[in-house]
1. Cβ under 15 Å from Thr220's Cβ, Thr220 left aside: what net charge do those residues give with Lys, Arg +1 and Asp, Glu -1?
2. Using modelled backbone amide H atoms (1.01 Å from N, in-plane), which distant-in-sequence or interchain residues come within less than 5 Å of Gly39's amide H?
3. Treat every Asp and Glu Cβ in the range 192-266 as -1 and every Lys and Arg Cβ as +1, leave all other atoms uncharged, and give the resulting dipole magnitude about the Cα centre to the nearest 20 debye.
4. For the range 208-358, rounded, prolate or oblate, judged on the Cα gyration tensor with a ≥ b ≥ c (square roots of eigenvalues), a/c < 1.5 rounded, else prolate if a/b > b/c?
5. Mean residue ellipticity at 222 nm from the helices of the chain, using -39,500 (n - 2.57) per DSSP H segment of n ≥ 4 over the full residue count, to the nearest 500 deg cm²/dmol?
6. What number comes out for the charge environment of Arg341, summing +1 per Lys or Arg and -1 per Asp or Glu over other residues with Cβ under 12 Å away?
7. Exposure proxy check: His60, His179 ranked by fewest other beta carbons within 10 Å?
8. Taking the alpha-carbon distance from Lys268 and a cut-off under 19 Å, which aspartates and glutamates remain once sequence neighbours fewer than 8 residues away in the same chain are dropped?
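Bear in mind these aren't lab numbers, they're just calculated from the coordinates by the rules spelled out. Owing to the predicted nature of the structure, the values given are computational and were not obtained by experimental measurement. Ideal geometry is used to build each Cβ from the backbone, glycine not excepted, and the neighbour counts take in all protein chains shown.
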Amino acid sequence: MSILIRLLLAVLVAFPAAPALAQFYNDKTLTLLVNYGVGGNADTEARVYQQHLSKYIPGHPAIIIRNMPGAGGVTAMNQLGLNIGSQPDGLTLGYFTMSATVLITDDPVLKIKIDDLVPIAASRGWNLVYARKDIVPGGYRAPADFPGAHNVYVGGYSRASSHDTRLRLALDVMNLPYHMVTGFPGTAQVNKAMLQNEINFTGSSLPGYQTQVVPQIIKTGVGVVLFQYAIVGPDGKPTGNPALEQAGIPIFDVFYRQAFGKPPSGPKYDALLLTNDIATKMQRGMFLPKGSPPEAVAALRQAFTAVAGDPAFVADYRKITGEAPDLLSAAEVERIFDRIRDVSPEVKAVLKESIDKE
């Protein structure tokens, strides 16, 4: 059998025939299950997909949003993976903010394994940290002021979420005392608490930053952006989002050097860099539950690939995030899952200690 014939057979096995895909979603409704509340980062992005995705799904199903916040995004993940309130019928797609910390540490709050989720796509996304200007006596003006922040109240979602863990680790690396105020359902509630001076330090991904943090916190003069989290670059060194750097937002490593006069180091810094590298490169994940029909898996994978090239979708996505969408294929998601499976025991221990920290 020729190589060409074998390849064609593989494609036919992997992707059901076009008529079958069209019939599967015809006259049906697809629910996007979002694991944070209305107005949050994931919800804002999901609603852009809601507007554009259907035309790329054969059969053109109606698309609705169902928000299920709770446990730092884990409640919805458990619901989907355990088939609570839905079935693996291809009609409920998880649109999740992913918690690298929960996945790496096998946190008991997550009742499912990553193998219980069928990857459809994922998207990269950057996170930054901001604070009230009065977090330091006399008002924050430059990184060199930040070591004077000794009354830090951190706004979070849940102890095991990547959001909370990265904030804790950053402050631990800076050796600053802090109090966690966690359990907020979404970005809107966190920002309300900051405006009311109930917290003074937190973070956000770009949708919430563009649509809420900038107009409510930054432009009003209440707060200031401190830094963006770094990822591991192609050369193995910490790097950041060039557009954010051009806007004057340094990566954590540069902020730390300016504040403390030396580069960050140590096991907690290593855990912070690795956790953020994974969380940034798979910030959102789109999944069906295990056992979903192959026709649904194939149709949705093709649709997410197609919508990423739609100029109207890209324009709307850029409007709320400041950047074009950066989607990963299912195969790339599987490679990130492999990285999570291979995290060293030392890093896992640091992350578990951070989650358990009072």
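1. Numbers: positive: Arg132, Lys133, Lys192, Lys219; negative: Asp134.
That sum, taken over residues with Cβ under 15 Å, equals +3.
2. Those lying under 5 Å, H to H, from Gly39 are Thr44.
3. Using Cβ point charges on Lys, Arg, Asp and Glu, the range 192-266 gives about 100 debye.
4. It comes out oblate by the Cα gyration axes.
5. Numbers: 14 runs with 145 residues, N = 358.
It comes out at -12000 deg cm²/dmol, rounded to the nearest 500.
6. The answer is -1.
7. Ordered by Cβ neighbours within 10 Å, fewest first: His179, His60.
8. Correct list for Lys268: Asp106, Asp107, Asp164, Asp172, Asp253, Asp277, Asp342, Glu346, Glu353, Asp356, Glu358.
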